[in-house]
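The values are calculated or read from the model by the stated rules, or taken from the named source; none is laboratory data. Note that the structure is a prediction, hence the values are computed from the model and not measured. Virtual Cβ from ideal backbone geometry, glycine too; neighbours counted across all protein chains shown. Surface accessibility is based on the protein's heavy atoms, side chains included, excluding ligands, DNA and RNA. Shrake-Rupley method; radii C 1.70, N 1.55, O 1.52, S 1.80 Å.
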Amino acid sequence: MKKIFCAATLFPSLLIASGVIFASTDGVIQLSDVSDSLKQIMQEQKDSQGKPPPQGWQPGQHPGGQPGGNHGGQPGGNPGGQPGDNHGGQPPVVVPPVTPPVVVPVDTTNARNAGIRDGSEVGGREGRREGRRDGSEAGERDGYRNGTNEGDTAGRNSGYRDGYGVDQSAGTQRGSVDGQNVGSNNGTEAGKKRCYSEGYTDGYNSAFATAQQLGLQDAASYNAGYAKGQADAAVIEAGNGQKAGYQAGFSQRELELQNTTLDTKAMRGVFAKSGLTTGLQIELARNGYTTPEEQRAYQEGYREGYQRSYRHAYEQAKREGYNERYQMAYRRAYDAQFSISYRNGFTEGKEKGYQDAYNAAYNSAYSYYYEEYSRREYSDQRAQGLSNGRAVGQQEGFAAGCAEQTKRGYKAGYEKMAAEVYPGAFEAGKLSGIAAADRYYSENAVLKVFNVSFYDENNNGQFEASENVMLKAEVRNFGFQKSDTVAIVVKSERGEITLVTDLKAEGVGGRAKTVVTLNIGKLYDVVAPNSDTLSVTFSEKGRIVGDARQMYTRTNANKVGVVAKDDTWITKKASIWFPSQVAVLNRGDKVIITETKGDFYKVRKSEVSSGDWTEGYVKGNKLNLQ
């Protein structure tokens, strides 16, 4: 191990250029971390050379030891501290300081220019080949598509224009004849219907009004409604009165029982515990670029020359290939599609021209003849409508008058009977309700919960990390029987609290009350400072007897870090040199930061996290502070 560190101290550039990666039994140290550590060791060695020796130092003495000592702190001692033992009796070896070698900068101009030249040649050749290929493919595709589309449009429009006027005269002649015939027939039917409807309306309205007046004077209808109203009221209002009285009596008695002072019994509170790099090695070797600086310069130049030359050659070749192939594909597709679309357009135009001419002639003739025949007077239809309307109006008018008389009688009879039966039914129901309340309260426990509150354990008004949260409530039993155990369920909206399960309170005696004090849970030691809401329900025999909801504000004096990535190491030492892993955490895990040491945080495990580790170190850039 000493030899490795010495080599790292003397030749850091050699290690970096050759790409050495150190490994330990606990993991792999990346090259970038090795480079940073080597620089730190070199700086520490330089600093130590410029410092004066400590007071009392003797030649041949190791730092921190006695003259002639060997790590043990005793004269002539060894690491075991035994006197006289000095590694086999050999005198102590004094290691002289080593001066770091002077690094001479490497001229990389030729390597970079060679890289640009080689990259430009390869990039231009590949760009021309691939640009020509892609341009031809795109030109063929676009030329075919555009030629087909434009040939279709031009052919269809030309054919439609030539075919439109072919059959217009025949359409006009045929449409005029059909419009005259249909217009005459429809107009006649509409005129007959109009006359019939007008006659029906006149006859119905006059007959309905006369017959309705007769129905409103029908005594038999009134009497039938009156009798029906009395019969219904005798049943309905008796039931309404009984129900309303029962509810009033039960509520009255319940209020009296709950307002009466309870026999208070003391009860103790219940507590619960709660890139481009391929193919470059041959060129590098051929040109003699073997140093890391020359290799990087050649690769950067090659990349720059390749990209610039490739893009220029690609775009030019693509344009040439596209234009050449586009014109050929366009003309071929245009000519083929034009003739097909012309025939289709001619047929479509011919049909459309005939139909337009037909519709114009038909509509004109139809409107004229429909207007003429629909306005004629059809006296026989009017007389038939008048007769039918009178008959229906007389029948429906009398029925409507009788129905109104029946409603009047029903209302009068219902109101009279209701006034007679409701009061007595109400009083009887009230007495029944009072008796039912007395019986219920005497035979059962009737629980209600008052003054529910959550508070912090030390009662300083702050809900702090790692602190217990308490619940206090008053449970009253207004019944005369002792209640069963009261089950208590607490929930948290954010969930950063360890809640105690199976919370409960002892049964409350009849006509008594008790104060319940419970530890309902403990806030996480990594809880996020924020507001939260706790809710609680109280139930007895599965029935909820009370509930409450309360907001509170949390505080956390701990410095909490949140792991930013999966597979983050927690190590034994604040170092990248064989640090020894103690735990692996994933994104979102939280730890408590206890100390800052250089680029590392010293952390300890949260009370709510998993694993058997206690504390360790983690790089600062692996954590996000909460």
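On the stretch given as the range 452-505, residues that are within 30 Å of Ala528 (Cβ to Cβ) and not in a loop (DSSP other than H, G, I, E, B) total 22. Restricting attention to the range 287-319, report how many residues are assigned to a helix (DSSP H, G or I), of a type outside the set (D, E, K, R) and surrounded by fewer than 21 Cβ atoms within 10 Å (Cβ to Cβ). Summing the residues that are assigned to a helix (DSSP H, G or I), of a type outside the set (D, E, K, R) and surrounded by fewer than 21 Cβ atoms within 10 Å (Cβ to Cβ) in the range 287-319 gives 6. For the range 108-156, residues that are modelled with pLDDT under 90, surrounded by 15 or more Cβ atoms within 10 Å (Cβ to Cβ) and of a type in the set (Val, Ile, Thr) total 1. The residues in the range 569-616 that are open to solvent by 30 Å² or more (accessible area, probe 1.4 Å), of a type in the set (Phe, Trp, Tyr) and in contact with a Lys or Arg (Cβ under 9 Å, 6 or more places away or on another chain) can be counted, and the count is 2. Only one of the listed residues (Tyr322, Tyr354) is over 30 Å from Gly119 (Cα atoms) and open to solvent by 40 Å² or more (accessible area, probe 1.4 Å). That residue is Tyr354.
Condition check ((1) closer than 10 Å to Tyr370 by Cα; (2) among the acidic types (Asp, Glu); (3) part of a helix (DSSP H, G or I)) across all residues:
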site	(1), (2), (3)
Val166	no, no, no
Gly175	no, no, yes
Asn181	yes, no, yes
Arg194	no, no, yes
Gly199	no, no, yes
Asp202	no, yes, yes
Ala209	no, no, yes
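Count of the range 571-585 residues, restricted to those that are out of contact with any helix residue (DSSP H, G or I) (no Cβ under 9 Å at 6 or more places or on another chain), more than 11 Å from Gly611 (Cβ to Cβ) and of a type outside the set (Gly, Ala, Ser), is 6. With respect to the conditions (1) open to solvent by 60 Å² or more (accessible area, probe 1.4 Å); (2) within 30 Å of Asn624 (Cα to Cα), Lys472 falls short on a single one, namely (2). Screening the range 365-393 for residues that are surrounded by fewer than 16 Cβ atoms within 10 Å (Cβ to Cβ) and over 30 Å from Gly203 (Cβ atoms) and picking the one that is nearest to the chain's Cα centre (by Cα) gives Ser367.
The set of residues in the range 333-351 being basic (Lys, Arg) and surrounded by 15 or more Cβ atoms within 10 Å (Cβ to Cβ) consists of Lys350 alone. Can you confirm whether Val421 is among the hydrophobic types (A, V, I, L, M, F, W, C), assigned to a helix (DSSP H, G or I) and surrounded by 15 or more Cβ atoms within 10 Å (Cβ to Cβ)? Considered against the rule, which asks whether it is among the hydrophobic types (A, V, I, L, M, F, W, C), assigned to a helix (DSSP H, G or I) and surrounded by 15 or more Cβ atoms within 10 Å (Cβ to Cβ), Val421 comes out as yes. In the set (1) in contact with a Lys or Arg (Cβ under 8 Å, 6 or more places away or on another chain); (2) in a strand (DSSP E or B); (3) buried (at least 21 other Cβ atoms within 10 Å of the Cβ), the condition left unmet by Phe538 is number (1). Here is the figure for the range 187-241: residues that are more than 30 Å from Tyr378 (Cα to Cα) and either open to solvent by 70 Å² or more (accessible area, probe 1.4 Å) or of a type in the set (A, V, I, L, M) (or both) total 18.
Within the range 404-415, identify whether any single residue is under 30 Å from Val545 (Cβ atoms), outside any strand (DSSP E or B) and open to solvent by less than 50 Å² (accessible area, probe 1.4 Å), and answer yes or no. Among the residues of the range 404-415, not one is under 30 Å from Val545 (Cβ atoms), outside any strand (DSSP E or B) and open to solvent by less than 50 Å² (accessible area, probe 1.4 Å), which makes the answer no. Of all residues in the range 506-525, at least one satisfies being under 28 Å from the mean Cα position of the chain (by Cα), modelled with pLDDT of 95 or more and within 28 Å of Ala465 (Cβ to Cβ).
Applying a threshold of 6 Å to beta carbon distances and a minimum spacing of six or more residues, or different chains, the list of pairs starting in the range 371-399 at a residue that is in a helix (DSSP H, G or I) and ending at one that is open to solvent by 100 Å² or more (accessible area, probe 1.4 Å) and not basic (Lys, Arg) reads Phe398/Leu214.
Restricting Arg554, Arg511 to residues that are at positive phi, crowded, with 20+ Cβ neighbours inside 10 Å and in contact with an Asp or Glu (Cβ under 8 Å, 6 or more places away or on another chain) narrows the list to Arg511.
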